[in-house]
Structure formats: C-alpha cells, structure tokens
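Undergrad: There's a structure below that I have some questions on.
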Amino acid sequence: MKQVLTQEGTMRNFKRSVPVALVLALALSGMILPAAAYEGAKTTPSTKQEKASQILITNANIFDGTNEKLATGMSVLVEGNKIAKSIPAPAGATVIDAKRRVLMPGLSDAHWHVMFNSVPIPTLMSADMSYLAVVGAKAAEETLMRGFTTVRDIGGNPFGIKRAIDEGMIPGPRIYPSGPMISQTSGHSDNRPPQEPEHAIYLEKIHLLTVADGVPDVMTAVRQNLRMGATQIKIAAGGGVSSNYDPLDVTEYTFEEMKAAVDVARTWNTYVAIHANTDDAIQMAIKAGVLSVEHGFLMSEDTLKLMAEKGVWFSMQPLLNDEDAIPFPPGSANQAKWIQVTDGTDKVVNLAKKYKVKTAFGTDVLFDPALGKKHGKLLAKIKRWYSPYEALKMATHDNAELFKLCGPRDPYPGALGVVAEGALADLILVNGNPLENIDLVADPDRNFALIMKDGKIYKNMVK
C-alpha cells in the first residue's frame, strides 16, 4: 500500500558540516534492530547542525540498496562517518524519529561532469578557470542537496573542487575523478578549428581535456591523469555529439594505443572507461581491456552479448530527444548526431536488460544549468525501462560496485550505496515510498526530509 508521509517544519541547510555518529544495523542481515529495541530513548527534532557523537534514527522503513522489500519499523545508529553496530544505543545519542519515512542510501551518478554541467559551451570555451571552479563548486553543493552523495566525474578537472569538499571547506558529493578525457587529434576532446595546427588549446592548458597521439603520448597522458589523482581513466574511443570534427562512425585510437592506455591503468590497479557509441569502437576497446562503456547507444546485439560475456559495464544515461534534450542549435550537425544517438536509446537499454549486462546509471548533463537541476527527474525517467526497485538499486548499490573497480585508487574506503554495518554513512530520509513511486526523487526539495553524507547532516526537515 502506497503511503505518503507529510512533514512539517522548515529546511535547514547546514553551511558547515560537523561529524555525526552513524551506526546502523541491517535488517535482512540481522544487523538492524526493531524500533522497539530503543523505546525510551529521548527523541529530539534537529533544529541545527548536530553536535552529538552519535545519531540514532528510529522508526524507519529501510531500503538497504539491495533488497526489494523494505525492512519496516527499524532503528539505525550512525557513528563517526560509518554505520556501525552498537547495541544498545549509546547514552546521550541524538535521536531522530523517522516516523516511518523510507531511509535509503544516498544516490549516485556514474556519468557526471562537475565542471561542464552548469556552463554553456561558449562560456566553457572562454571563461577563466577560477570562474569555472566557482561555478563548479556551487553546482557541487546543489548536487549534494538533490540527494546525490557520490558522483563519478567522467571527464574534466574537478580535482580542486574535490579537495575542497573532502577537506570540509565546501559541501558537495564524493567525487571519483577521471581527470581530463583523453582523445586523439580530431577526436572527441579536440575542438580546435580545423586550420589550427597546435594542440595547446586553452581547455588543455587548464586540464579540462587532453589530446594525445601514438602509444608513448597516450601512456604519458594516462600517467599524468593518475599523477593528478584520477581514480579511473576516460578515453574517447569513438565520435561524439558535442564535438565538431569527429563523425559518430569514427573509431578513435588504434588497438595499440587503446591497449597502451589500459596497460598503464592496470599498472596503477585501476581501469579505463570509454566514450563510444558504435560496434567497431566498442568491440576494439573491449578487446584492449576496457571495463566501462559510456553511452553505447548505437550498439548491436552482438556487442551487448560480448559485454555480458566479458563483464564489461554499460554506463547508461536516459538520453532522449525530449524536453530534456541537450540544447544544440537547431539544424546543426551536433543536433543531427544527438537525434541519431537518442534514436538508439530504447533498443540498446532493452538489449542490455535482455542479456543481463552490468548496468550503471548516469546522466551526462552538459552545458545547461537548468538541466542539472533536473537530476532526480532524470533518474525517475528510467522507469521507462526499469522498475522503481531496479532504478534505485542501480543508482545506489550497482553504481558503487562500478566505482569500486578503481581498487587501491579509491579515495573513499568503505562500502557505498548500501545501508549496512560498516558502510559509509550516506543516507536519505524520503517522505513516501520511492519503491512504489520513483517520481518522489524528482522533487528532492519537497520529498527528501534528511540528507546525510559521510556522517554529516546537510539537510534536516524532520520534526
């Protein structure tokens, strides 16, 4: 039975986060306790950023990121930045009564661009890096306040923003950065005018993208990204929609160049993700050893079978030529490529489901501040192909599985995307049941009563 809970009070946005304790016992593994186990604990609505050493969330219905059924009437204790087992609740713990709201893991986006999502293309091409960083920092806070506590930045220069977030200077999500996307001359990263012979374009100078040709230069580019702190590598393996000089059918990089990138990533115990849409580009890259295919909307059945066989991830985005289309100029070559790609979305997603290809959820919002604010709507949009449970599992547990392929490069040791003992304390309290109504995530201002990341409360409307 669908139950929508109403909530009174005003939103508190905490401009500076203080560590809070988060201990959580998982229902279906026997680690979450019924709320009755904590009867008698004093319940105190939070009206300011929490100062206590522990926070106990009582009377919650829990979606743990993996199981389709809610664990009802449970209590979760948060300690430090992790969900920890502590029975009974410590004396003096701050108690938040969830009042049967759904408690779930923070959402994540497997294909996000911290620096690109909020600025139009002309601004990106000409603005000073300091301006882009300020815009990106503001967008990062807005991302967190939409309930997206983790993103995989799949091309750009988010390193300064990530550092400021991780040091607690500014609010924002966890960021798994790829560093500048690497492409060949006349590839997806090469947006010079055709007559310009030099590689040293402005966006390269500020490390938003990289152009490299030949095995030695590709290896150097990958190592440079890893030196800057990349957790995984992004390579352009095929033609792009937003780039002007590479048709979609082009396969970018030779097998030797692609394998060189994969080999270097492996020496750092991480992996390569590729931008590509066509069979030739994707099959070549899989043969070279890549583990994540971004987009892939022109793939055939044979390529998806190969991905399933090799355990390669399909990082999908709900890209459709609808009211949320990326705003390319009408009649432009970019718009024509956009239509060609989005015409393949339904077919490819349905085939990925058919062959049980490992699938991650992302958005790839670019060059449009208004579209970025529809983050949750884009997640809800995948109800076109997936049940609410499948969508939420993908945007929590499954995405986290992909993120963790970076192994020892992982800047956030600990489990993500689950409500479980020992997991990192990224949690959302939802007014209503998103397993019954996925559209609830499309309006986080109204429907997310509490947002916590790393054991710190950034929003609390619970009263």
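The values are calculated or read from the model by the stated rules, or taken from the named source; none is laboratory data. None of the values given here were measured: they were computed from a predicted structure. Cβ placement follows ideal geometry from the backbone for every residue including glycine, while neighbour counts extend to all protein chains displayed. The area values use the complete protein model at the heavy-atom level, side chains included, leaving out ligands, DNA and RNA. Shrake-Rupley method; radii C 1.70, N 1.55, O 1.52, S 1.80 Å.
Undergrad: In segment 272-317, what residues are of a type in the set (Ser, Thr, Tyr), in contact with an Asp or Glu (Cβ under 9 Å, 6 or more places away or on another chain) and in contact (Cβ under 8 Å) with a residue 40 or more places away in the chain? Can you show your working first?
TA: Within segment 272-317, the first condition is being of a type in the set (Ser, Thr, Tyr), and the residues that meet it are 278, 292, 300, 303, 315.
Filter again for in contact with an Asp or Glu (Cβ under 9 Å, 6 or more places away or on another chain), leaving 278, 300, 303, 315.
Thr278, Ser315, listed by residue number.
Undergrad: What number of residues in segment 419-430 are farther than 18 Å from Lys393 by Cβ and open to solvent by 10 Å² or more (accessible area, probe 1.4 Å)? Talk me through it step by step, then tell me what you get.
TA: Pass one, segment 419-430, residues farther than 18 Å from Lys393 by Cβ: 421-422, 425, 429.
From the residues that got through so far, the ones that are open to solvent by 10 Å² or more (accessible area, probe 1.4 Å) too are 421-422.
Going through segment 419-430 one residue at a time, the tally reaches 2.
Undergrad: Oh, and also: What are the pairs, 6+ residues apart or on separate chains, where a residue within segment 422-436 that is without any contact (Cβ under 8 Å) to a residue 24 or more places away in the chain has its Cβ under 9 Å from a residue that is surrounded by 24 or more Cβ atoms within 10 Å (Cβ to Cβ) and among the polar types (S, T, N, Q)?
TA: Between residues of segment 422-436 that are without any contact (Cβ under 8 Å) to a residue 24 or more places away in the chain and residues that are surrounded by 24 or more Cβ atoms within 10 Å (Cβ to Cβ) and among the polar types (S, T, N, Q), there is no close pair.
Undergrad: Identify, please: which residue in segment 216-229 is within 18 Å of Lys205 (Cβ to Cβ) and of a type in the set (A, V, I, L, M) and is, among those, most open to solvent (accessible area, probe 1.4 Å)? Lay out the reasoning, then the answer.
TA: To start, the set of residues in segment 216-229 that are within 18 Å of Lys205 (Cβ to Cβ) comprises 217, 220-221, 224-225, 227-228.
Going one step further and asking which of them are of a type in the set (A, V, I, L, M), we end up with 221, 228.
Details: Ala221: 11, Met228: 52 Å².
Ranking the qualifying residues of segment 216-229, first place goes to Met228.
Undergrad: Follow-up question, since we're still on this one. Is it true that some residue in segment 174-186 is open to solvent by 20 Å² or more (accessible area, probe 1.4 Å), modelled with pLDDT of 90 or more and charged (D, E, K, R)?
TA: The answer is no, given that none of the residues of segment 174-186 is open to solvent by 20 Å² or more (accessible area, probe 1.4 Å), modelled with pLDDT of 90 or more and charged (D, E, K, R).
Undergrad: Then there's this: If I filter segment 309-320 down to residues being surrounded by fewer than 18 Cβ atoms within 10 Å (Cβ to Cβ) and under 22 Å from the mean Cα position of the chain (by Cα), which single residue comes out as nearest to Ile121 (Cα to Cα)?
TA: If we take residues in segment 309-320 being surrounded by fewer than 18 Cβ atoms within 10 Å (Cβ to Cβ) and under 22 Å from the mean Cα position of the chain (by Cα), then Leu320 is nearest to Ile121 (Cα to Cα).
Undergrad: Which one is farthest from Asp109 (Cα to Cα), of the residues in segment 407-462 that are among the β-branched types (Val, Ile, Thr) and more than 17 Å from the chain's Cα centre (by Cα)? Show your work before the answer.
TA: So the first thing to find is which residues in segment 407-462 are among the β-branched types (Val, Ile, Thr), and the list is 418-419, 428, 430, 438, 441, 451, 457, 462.
Of the ones still in play, those that are also more than 17 Å from the chain's Cα centre (by Cα) are 419, 430, 438, 457, 462.
On the way: Val419: 18, Val430: 18, Ile438: 16, Ile457: 20, Val462: 26 Å.
Of everything passing the filter in segment 407-462, Val462 is farthest from Asp109 (Cα to Cα).
Undergrad: I'd like the full set of residues that are open to solvent by 10 Å² or more (accessible area, probe 1.4 Å), in contact (Cβ under 8 Å) with a residue 24 or more places away in the chain and closer than 23 Å to Ser242 by Cα, limited to segment 127-158.
TA: Quick first cut of segment 127-158, residues open to solvent by 10 Å² or more (accessible area, probe 1.4 Å) only: 127-131, 133-135, 137-138, 141-142, 145-146, 157.
Retained after the next criterion (residues that are in contact (Cβ under 8 Å) with a residue 24 or more places away in the chain): 129, 133, 137, 141-142, 145-146, 157.
Within segment 127-158, Met129, Ala133, Asn157 meet the criteria.
Undergrad: For segment 86-143, name all the residues that are closer than 25 Å to Asp190 by Cα and of a type in the set (D, E, K, R).
TA: The answer is Asp128, and nothing else.
Undergrad: Which one is most open to solvent (accessible area, probe 1.4 Å) among residues in segment 346-363 that are assigned to a loop (DSSP other than H, G, I, E, B) and touching a Phe, Trp or Tyr at 6+ places or on another chain (Cβ under 8 Å)? Outline the logic, then answer.
TA: First, pick out the residues of segment 346-363 that are assigned to a loop (DSSP other than H, G, I, E, B): 355-358, 362-363.
Cutting the leftovers down to touching a Phe, Trp or Tyr at 6+ places or on another chain (Cβ under 8 Å) gives us 357-358, 362-363.
Working: Val357: 12, Lys358: 90, Gly362: 0, Thr363: 5 Å².
Going through the qualifying residues, I end up with Lys358.
Undergrad: So the check is Cβ under 7 Å with 6+ separation or different chains; which pairs have a first residue in segment 259-271 that's under 16 Å from Leu402 (Cα atoms) and a second one that's among the charged types (D, E, K, R)?
TA: Asn269/Arg409; Thr270/Arg409
Undergrad: Could you count how many residues in segment 275-286 are touching a Phe, Trp or Tyr at 6+ places or on another chain (Cβ under 9 Å) and closer than 11 Å to Val312 by Cβ? Show your work before the answer.
TA: Going through segment 275-286, the residues touching a Phe, Trp or Tyr at 6+ places or on another chain (Cβ under 9 Å) turn out to be 277, 281, 284-285.
Cutting the leftovers down to closer than 11 Å to Val312 by Cβ gives us 285.
Residues meeting the conditions: 1.
Undergrad: In addition: Please work out which residue is farthest from Ser300 (Cα to Cα), limiting yourself to segment 225-267 and to residues that are at pLDDT 95 or above and of a type in the set (Asp, Glu).
TA: Checked segment 225-267; the qualifying residue farthest from Ser300 (Cα to Cα) is Asp263.
Undergrad: Does Ile326 satisfy the criteria of being at pLDDT 95 or above, surrounded by 15 or more Cβ atoms within 10 Å (Cβ to Cβ) and β-branched (Val, Ile, Thr)?
TA: Values: at pLDDT 95 or above: no; surrounded by 15 or more Cβ atoms within 10 Å (Cβ to Cβ): yes; β-branched (Val, Ile, Thr): yes.
It is false that Ile326 is at pLDDT 95 or above, surrounded by 15 or more Cβ atoms within 10 Å (Cβ to Cβ) and β-branched (Val, Ile, Thr).
Undergrad: Run Lys374 past the list (1) of a type outside the set (S, T, N, Q); (2) at negative phi; (3) buried (at least 20 other Cβ atoms within 10 Å of the Cβ) and report the number of the one that doesn't hold.
TA: (3)
Undergrad: Right, something else. Filter the strands (runs of 3 or more DSSP E) completely within segment 67-163 down to those with at least 1 residues that are under 16 Å from the mean Cα position of the chain (by Cα).
TA: Details: elements: 71-79, 94-97, 102-105, 107-112, 148-153.
Qualifying strands (runs of 3 or more DSSP E): 102-105, 107-112, 148-153.
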